[in-house]
Amino acid sequence: MGAVYQRRIGGQLTDSSKYQDYYISAKKIHIPVEEILEISSGRAHSLIRTNSGVFAIGDNNFGQCGKDPAVIDHIVGSEESPLQPLELPTSSPIVSVHCALDSSFIVDSTGQVFSFGLNEDGQCGNEKYGIQFEPSPVKGDLSGVKIKEVSGSTDTIMALSEEGDVFIWGQTEYGQAVGATEEIQLNISRNINLSAIGPIASVDSTQSSVIAQNTRGEAFVWGVGVLGMGPEAEVLKRPTQMDQPLFDGKKITSVTAGNSCMSATNESGRLFIWGENRYSSLGLGHSNRQLFPYQLFLPGDVRQAARMVVKAAGLVIYRKLAGKIEFLLLQASYPPHHWTPPKGHVDPGEDEWQAAIRETKEEANINKEQLTIHEDCHETLYYEAKGKPKSVKYWLALLNNPDDVSLSHEHQNWKWCELEDAVKIADYAEMGSLLRKFSGFLNTSR
């Protein structure tokens, strides 16, 4: 949600012919994939890494969505015309994506970095300047080095290797490169020698400064701006350690940066934040500059945010035909083409019941009025996907007219199966157990 500046988050997101100034509630974007693994957003565009490729959406005025901006200036996704994955010059799996202000970066499993988008300061690091809409490798010192992630909020781009080495390119006029160059722009990557404080575990940059955390849990800052060390330390020409008491005397486990702010999380899961605080963006209840790290009080351990259970819901639909009970299974149109009952993620503002009804309509075109739902027969499956906990709650429902089914774009096939056949094609044991339980309920209810 947020402001739309010249359609830069994709206009109406789901319809390029419509336009809204603001989004004050969530909008569903249609992506033909089974699982989203990572999302990164810049000023007005996003990259979405999935199990079926990388997708881009939003503003494309600088080619940051991987399309020629002379042909298309924004990318949207609709049910009628879902997003298509980016064409990338690598056959290796993609392990990380990153959006800076108006530039995009992709890291594959070999550690190679690809870039595209705004490049006036050399943000693409490919020895060129000017808009680059075709993904190409970042060149320079990181060539042949296995990079694990790219960071940078604005036009100064950082890369961190598996060995804890740091590389920089883009805008460097505020001393962010600390000895790697005296130039104010770099269109090729350069290694920053941080051996005195490294190896580095995480690194990020604002529009004019850098923050890094080493493997010992210490934080260092340099550059120009609100650096978290008070009004007398707003220009630091070399990496300077932040005092551990600023972080409750605990080791730092990660650092991040926005356009004009920084944050650090300590080993107790507490989040500390500081910076310019434009538009009250730090969440402190005021708009004053925050010169020192301030603990942002949130319910619970912020490290658990990535571990929050992703909730989904659906209906196990059955029909009675010629004296037999058959279950409806839909086959996904994307790899690995699982067979499941109609289901989907719980959207913001919904509960699981509402999501189950909505997803059944969207995926199988079956309305609640066409069903007799056994509200007292339900089961929740729990499992992990790509390291994240997930839950799916199912209710059992009878389709009153046994022929009312049509598919959405997310599925390529459907079947009515008796119990044993349904268990076989459902792929995993938990779904088979659920189907057997629901079948048992029907047998005892006759």
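Every number in this text was worked out from the coordinates using simple rules, so none of it is lab data. Everything numeric in this text was worked out from a predicted model, so none of it was measured. Because the Cβ atoms are built from the backbone with ideal geometry, glycine has one as well, and the counts that use them run over all protein chains shown.
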For 195, 104, what's the fewest-to-most ordering of other Cβ within 10 Å of each Cβ?
-> 195, 104
If we count every other residue with Cβ under 13 angstrom of residue 272's Cβ, Lys/Arg +1 and Asp/Glu -1, where does the sum land?
-> 0
Using a Förster distance of 30 Å, how high is the FRET efficiency between residue 163 and residue 87, based on the Cβ-Cβ distance and rounded to 0.05?
-> 0.45
Distribution output for region 28-118: share of Cα-Cα pairs per 5 Å bin in percent, first bin at 0, values 3, 15, 27, 27, 19, 8, 1, 0
Which loop-located GluC sites (Glu not before Pro) does region 180-231 contain, where loop means any DSSP state but H, G, I, E or B and the Cβ has at most 16 other Cβ atoms within 10 Å?
-> 182, 183
Are there trypsin sites (Lys or Arg not before Pro) in region 112-183 that DSSP puts in a loop and that have at most 16 other Cβ atoms within 10 Å, and which ones?
-> 128, 146
State which entries of 320/415; 361/390; 28/311 exceed 19 angstrom in Cα-Cα distance in the structure shown.
-> 361/390
What are the extents of the Cα atoms of the chain along their three principal axes, listed from largest to smallest and rounded to whole Å?
-> 81, 51, 42
Set of lysines with alpha-carbon distance to residue 139 below 24 Å, sequence-local pairs under 8 removed | 67, 128, 148
re region 319-373: pairs of Cα atoms spaced beyond 16 Å account for a percent value of 52 percent
At what distance in angstrom do the alpha carbon centres of region 221-244 and region 43-84 lie from each other?
-> 37 Å
Most exposed first, judged by fewest Cβ atoms within 10 angstrom, 45, 30 run 30, 45
Can you work out the FRET efficiency for the pair residue 433 and residue 39, with r the C-beta to C-beta distance and R0 = 35 Å, to the nearest 0.05?
-> 0.60
Crossing angle, helix 429-445 versus the chain [Cα axis fit, 0-90 degrees, rounded to tens] | 30 degrees
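How high is the relative contact order of region 309-445, in percent, counting Cα pairs under 8 Å that sit 6 or more residues apart?
Averaging sequence separation for qualifying contacts and normalising by length gives 33 percent for region 309-445.
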Mind sorting 227, 284, 419 by how few other Cβ atoms lie within 10 Å of their own Cβ, fewest first?
-> 284, 419, 227
Quick one: what does P(r) look like for region 309-445 with 5 Å bins over all Cα pairs, in whole %?
-> 2, 10, 21, 25, 24, 12, 4, 1, 0
